[in-house]
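Working notes, beginning with the structure itself.
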Amino acid sequence: MAQSTRGTRVSTASAVREVPATEAQRKANLILRTLGTPSVKFYVLVTLAALGLLWWLQAWAFQLGNGMIVTGLADWGTSGGVPWGMYIGSFIWWVGIAHGGIIISAAVRLFKLEVFKPVTRLAELLTISALSMAGLYIILHLGRPDRMVTSIIPHFLERVHFSPLIWDVTVITMYFVLSGTYILLSLREDIYHLLNRLPKIFAPVYRMLLFAYDPGESKKVERMLWWLAFAVIIMAPLLLHGGVIPWLFQLLPSMPGWNSAIQGPQFLSIALTSAIGSVITLAFIFRKIYGWKEIIPDKTFHRLGALLALFAMFFLWLQLQQIITGSFAPTLGMGRATDAKVNNLPYWVAIGSVAASMIYLGAQTIYPAIFSIGRTVAAGLLAVMAVLLEKALFVIEGLAFPAFNLYEGVPGHYSPSWVELSSMLGVFSMMALFFALVAKMIPVIEVTEEGEEH
Amino acid sequence: MTSKRENPDMKEHIGRLLRGAQVDAGLGQEAARDAQRVASGEISEAKFYEKYHGAYLKEFGIDLRPESSRSGKDELMSKSFFKDSISRRTLFKVAGASAAVLALNMWLGRRALAATRDDIPRVTPVQYGMVIDLEKCDGCLTCVAACKGHNSLDEAVYWLHIISYTDSNRPEVNLLPRFCNHCSNAPCIKVCPVGARFKRDDGLVLIDYDRCIGCRYCMTACPYGVNYFQWTDPAYPLNIEPVSRGRRVAGRPEEGIMSKCDFCPERQDAAGAKGTTICQLTCPHNVIHFGDLNDPQSEPNRYLEQKRKEKGYISTFGLREEFGTKPNVIYIGQQPSANARLAPLPKSYESMGWIAERKEVLGGPQPWFMKALGVKENGPVH
Ligand code: SF4
């Protein structure tokens, strides 16, 4: 692995011998291209995203004004509805995506997985932004978002050991703080060294980011980063997506589609699948826009694809576990929930997509000759979208087939309303805006040490 | 294994081969000879590795044979900021600390388990509950109407709902009024993130309308489906006092808040009304018996006793007791079996002018762009 990196570096250096700068400087220049004057395309993108955001904001205002009635949700029981829907499904989805980023970055630091180094900063930024989207979805979901602070904080201590929802709030906050600190610490180093090459208009931002920065402490910072990475790599999979997120569902015996001890590993495998898929997609978008073929080489995508195939395999395997348990000799409720699941076309669309993605990326891992960047990205994106579908179905179907089914309204029905669908447009627009603006402010790829010595 | 005498031709051949490999052929041959001595037990394995370790390192720059793995450690440590050796004392300390943490975890884990199991007072000094005589209910819906009116409930909200079903061996229509069970081990209380769900010392499970954030977690956790969320502004004004014992808990709430059958908390502290609910008072067939289940002399307990005497036996059940919720509505009669199938009510909700499924009235107002496009509104709006 290390050898081939060296190999490419040598060959590209000889190819551009006429450029006076060193190889590292040339690469740094390439990376810092994002900070240049925005192009027309950039303004178009920002405008479109802003419009998308505006559209959703009016939809949200409509929801706040009229109540949750404007969603497709309803009570389960006599009303024949589903009380949690796309908002909660999207919440899980975004938390899952948030996973990949910081885990990849932590793995690079702890296990020296140099091949993923080029995507670490992008992945960290993805973590922060995706987590924010997840948090937003919780607010969208609540009937009384205005009470978030007044109801949760004063009663936090008396509820934290009981309510899985509070476990979620707690762990996600911890996770947010950890990854925020992590990205800030590593960013400050970069910004300090590159300060004179960064756009002047953002100087106040850099000053803020560099508050109390001391270059003499870089050893100490390195050590802190190591421990943060260590904490993240243990906490994120075991406590967050393999812990409090699935526990939100699996601990409720009233919903047999949820009540299974396998949800921990199942959620984790799904989260990692979507996380890797979204890192692939994001990295590809940047590579395409800025011509970063050598900054984020094919090999990085190839290895990310291999990882995705592995996680997707676990995803499918755990689905099999659930279906076989739910069909062989199930209890009545579990049998009904499983029947509903396997007779639902969208479920098979989700599973089929993950399987297709796994098969292609797996084959490409074994026969690197068939590698294609386009197909890798397509497979990654397919997996990400399949996971969104699966997550929404998990929430909805779980609630549509409750254990106590002596009601007119069982099974429940749900389809997202225009307000809920608009939220998708809104959050995608916000993500686009976030990355567009961040790319203009800070280097989104870690610039190597030698890079700034010019 | 016997060590064979070496054939001189063979020796020459190996020598040539090794020379071709551009390494010290003498070292290879010597090592090979000694390896045979190891095999025959003449020298120990450890001695063998020790003898050639230095020479291997010099010759090949690396010695990856198992015994020599220590030589690679320096290289491994060079990038780490940890100390490159750990004293035995430190190791003991770490082991001791780990054991202590493990023990602490065990203790904490058990305590946490005990706490989550016993968080809700299972036994309250008074436990209001109901005894429902299924043999007497004829589905007249008087109680449902009374409850709806008393609590100003929206269309299609049934805090008290009558389930009608046929069952194997019971082809006639069977009726089962469903209330909130005011469980002694209520899952809704457990999951509520803000403590808006609580159990009073008279056993009532209530929702604090001033604290609920409308997450609907309680609705997903309840095995009985008794909860109704206020999806939009309530349609009717409240005619009862919502505050009881300092918390706003009675009648329908405002938009964005959860509600359910509350056993009329506003009556339980009022002289003259104490120990009664509206449904119980209005039922013309004496089906509903409300009172303190802890008190053997209470009305529901006396009713059970009397019925037992009359018939010589009684069959009672609580709904879905296997969920461990400890429900406090006791039914006299037969439990619906797994084969129970819904059947039309003798007197339908429609005949009362009600809408059965709330889904039908949930749709919300038309957004501005639909109006602008001239799309017709479909369905009633509440
Ligand atoms: S909807 Fe209200 S009462 Fe129910 S769990 Fe959420 S905060 Fe608690």
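Across peptide A:143-154, what mean number of C-beta atoms from other chains lies inside 10 Å of a residue's C-beta?
6
Return the unpartnered cysteines for the protein assembly as shown, using a Cβ-Cβ cut-off of under 4.7 Å.
B:Cys137, B:Cys140, B:Cys147, B:Cys183, B:Cys192, B:Cys212, B:Cys215, B:Cys222, B:Cys264, B:Cys283
Within 10 Å, at most 15 other Cβ atoms, and a DSSP state outside H, G, I, E, B define an exposed site. Report the longest part of chain A free of exposed trypsin sites (Lys or Arg not before Pro).
Working: sites that count: A:Arg17, A:Lys112, A:Lys293.
It works out to A:113-292.
Express the carbon and sulfur contribution to the solvent-accessible surface of chain A as a percent, rounded to the nearest whole number, probe 1.4 angstrom. Walk me through the numbers before you get to the answer.
Numbers: 13430 of 18840 Å².
Carbon-and-sulfur percentage of accessible area, whole number: 71.
Going highest first, how would you order B:231-242, B:312-323, A:424-435 by mean Cβ packing within 10 Å?
So the order, starting with the most tightly packed, is A:424-435, B:231-242, B:312-323.
Stokes-Einstein diffusion coefficient for the protein assembly as shown at 4 °C in a medium of 1.567 mPa s, Rh from the Kirkwood formula over Cα pairs: what value in µm²/s? Display every interim value, and only then the final one.
Numbers: Rh = 31.4 Å.
It comes out at roughly 41 µm²/s.
Using a 1.4 Å probe on protein heavy atoms only, how many Å² of accessible area do B and A hide from each other, summed over both chains and rounded to 100?
Separately minus together, B and A give about 5300 Å² buried.
So which DSSP H runs in chain A come out at 24 Å plus along the axis (Cα) with average Kyte-Doolittle of at least -1.0? Write out the running numbers ahead of the final one.
On the way: long enough: A:40-66 (39 Å, 1.19); A:86-111 (37 Å, 1.47); A:120-141 (31 Å, 1.26); A:164-194 (44 Å, 0.95); A:218-235 (25 Å, 0.93); A:263-290 (40 Å, 1.04); A:298-328 (45 Å, 0.88); A:345-366 (31 Å, 1.22); A:373-400 (40 Å, 1.67); A:418-441 (34 Å, 1.59).
Qualifying helices, which must be both long enough and hydrophobic enough, are A:40-66, A:86-111, A:120-141, A:164-194, A:218-235, A:263-290, A:298-328, A:345-366, A:373-400, A:418-441.
Ranked from the most accessible area to the least, with a 1.4 Å probe and all protein chains present, what is the order of A:Thr120, A:Thr150, B:Thr90? Write out the running numbers ahead of the final one.
Working: A:Thr120 5, A:Thr150 90, B:Thr90 60 Å².
Correct descending sequence by accessible area is A:Thr150, B:Thr90, A:Thr120.
Which percent of the accessible area of the range B:274-351 is formed by carbon and sulfur heavy atoms (probe 1.4 angstrom)?
49 percent
About its Cα centre, how strong a charge dipole does the protein assembly as shown have in debye, to the nearest 20, once Lys and Arg get +1 and Asp and Glu get -1 at the Cβ? Each step should come with its number before you reach the end.
Values: 83 positive and 71 negative charges, 323 e Å.
Dipole size: approximately 1560 debye.
Taking the Cα centre of the protein assembly as shown as the origin and placing charges on Cβ (Lys, Arg +1; Asp, Glu -1), which of B:Gly272, A:Met68, A:Thr376 is farthest toward the positive end of the dipole?
Projecting each Cα onto the dipole axis, the largest value belongs to A:Thr376.
How much accessible area does A:Tyr367 have with a 1.4 Å probe, in Å² rounded to the nearest 10?
140 Å²
Suppose all protein chains stay in the model; what accessible area per residue would a 1.4 Å probe give for chain A, in Å²?
On a per-residue basis, chain A sits at 41 Å².
Considering only C-alpha atoms, what is the centroid distance from the range A:165-217 to the range A:327-350, in Å?
The distance from the Cα centre of the range A:165-217 to that of the range A:327-350 comes to 46 Å.
Taking R0 as 22 Å, what FRET efficiency do you get between B:Arg302 and B:Ser152 from their Cβ-Cβ distance, rounded to the nearest 0.05?
0.10
Could you order peptides B:273-282, B:184-193 by the average number of other Cβ atoms within 10 Å of their residues, highest first?
B:184-193, B:273-282
Which value, in Å² rounded to 10, gives the accessible area of B:Asp201 with a 1.4 Å probe and all protein chains present?
90 Å²
Specify whether the C-alpha gyration tensor of the range A:209-344 places it in the rounded, prolate or oblate class, a ≥ b ≥ c being the square roots of the eigenvalues: rounded for a/c under 1.5, otherwise prolate if a/b is larger than b/c and oblate if not.
oblate
If you count, for every residue in B:155-165, the Cβ atoms of partner chains within 10 Å of its Cβ, what is the mean?
Average neighbour count from other chains, rounded to a whole number: 2.
Let me know the mean shielding of A:254-261 by other chains, meaning the per-residue number of their Cβ atoms within 10 Å of its Cβ.
2
Need one value: the accessible area of B:Asp292 in square angstrom, 1.4 angstrom probe, rounded to the nearest 10.
Taking all protein chains as shown, B:Asp292 has close to 30 Å².
The values are calculated or read from the model by the stated rules, or taken from the named source; none is laboratory data. Note that the coordinates shown come from a computational prediction; the quantities given were computed from them, not determined experimentally. Every residue, glycine as well, gets a Cβ built from its backbone with ideal geometry; the counts of neighbours run over all protein chains shown. Keep in mind that these areas ignore ligands, DNA and RNA; they rest on the heavy atoms of the full protein, side chains included. Shrake-Rupley method; radii C 1.70, N 1.55, O 1.52, S 1.80 Å.
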